[in-house]
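The values are calculated or read from the model by the stated rules, or taken from the named source; none is laboratory data. Everything numeric in this text was worked out from a predicted model, so none of it was measured. Virtual Cβ from ideal backbone geometry, glycine too; neighbours counted across all protein chains shown.
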Amino acid sequence: MTTTCTPGDAAVNRPSRRSFVRLGLAAAGAALVPGAAFAAPAAAPRERALSFFNTHTGERLRVTYCCDGRYRPEALRQINHILRDFRLGEVKEMDVNLLDLLSDLSLRLGSDEPFHVISGYRSPRTNAMLRARGGAVTGVAGGSLHMVGKAIDIRVPGVKLDRLRAAALSLKRGGVGYYPDSDFVHVDTGRVRFW
């Protein structure tokens, strides 16, 4: 099975109902306009890249994780490693929809600075430990999406936290948590919500 990537939509090698309808509408429109059938289709970005700085380990990564609509397994492995639970060294496969969200967020911000990672994947054991230390008060959920590779806590150098939050909210692609006292924004690929 081949995994493909497109702006804002990670899909598996078959068109979604929405893209099928779009394709049909485009074909119908092309049939009505002379010469339009030979025009090149609107191109998706040929490459999607991400840059990270892990604030706990000091590791840096800049990697192109998607080329010509295909996710690159080695790049995904590198991303999974830098976003691992640094306390236990556990690696989890991160949701490619989260990576696409971060890529689009970077474009929305107009920034090429790396995402400073406060928390990527958190093992259930680490999550329980953080909750026991009072994390329930500071936003560590018992059923955290960090534990399934669908959430990340970030900041971006040179970007004010409220601007980062506003940009994430504007994407309407998941949860957005705002933690100004801890200097980070949480984004996830769960249902659209904010706090």
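Below is a table of values for the structure above.
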| read-out | value |
| --- | --- |
| Test set (1) under 21 Å from ASP183 (Cβ atoms); (2) touching a residue at least 60 places away in the same chain (Cβ under 8 Å); (3) not aromatic (Phe, Trp, Tyr) - ARG70 fails condition number | (1) |
| Given (1) outside any loop (DSSP other than H, G, I, E, B); (2) at pLDDT below 95; (3) loosely packed, with under 11 Cβ neighbours inside 10 Å, index of the condition ALA11 fails | (3) |
| Number of the exception - ASN80 against (1) closer than 20 Å to THR189 by Cβ; (2) part of a strand (DSSP E or B) | (2) |
| The range 142-171: number of residues that are outside any helix (DSSP H, G or I) and surrounded by 15 or more Cβ atoms within 10 Å (Cβ to Cβ) | 10 |
| Subset of the range 54-77 [in a strand (DSSP E or B), over 13 Å from TYR121 (Cβ atoms) and touching a Phe, Trp or Tyr at 6+ places or on another chain (Cβ under 9 Å)] | ARG60, LEU61, ARG62, VAL63, TYR65, TYR71 |
| Residue that is farthest from ASP181 (Cα to Cα) [pool: residues in the range 83-134 that are of a type in the set (A, V, I, L, M) and assigned to a loop (DSSP other than H, G, I, E, B)] | VAL91 |
| Test: residue in the range 100-118 that is over 21 Å from ALA168 (Cα atoms) and either of a type outside the set (Phe, Trp, Tyr) or touching a Leu at 6+ places or on another chain (Cβ under 7 Å) (or both) | no |
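Conditions (1) under 14 Å from ASN54 (Cα atoms); (2) within 11 Å of the chain's Cα centre (by Cα); (3) modelled with pLDDT of 95 or more, marked per residue:
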position: ARG70; (1), (2), (3): no, no, yes
position: LEU76; (1), (2), (3): no, no, yes
position: ASN80; (1), (2), (3): yes, no, yes
position: GLY89; (1), (2), (3): yes, no, yes
position: MET94; (1), (2), (3): no, yes, yes
position: ASN97; (1), (2), (3): no, yes, yes
position: LEU109; (1), (2), (3): no, no, yes
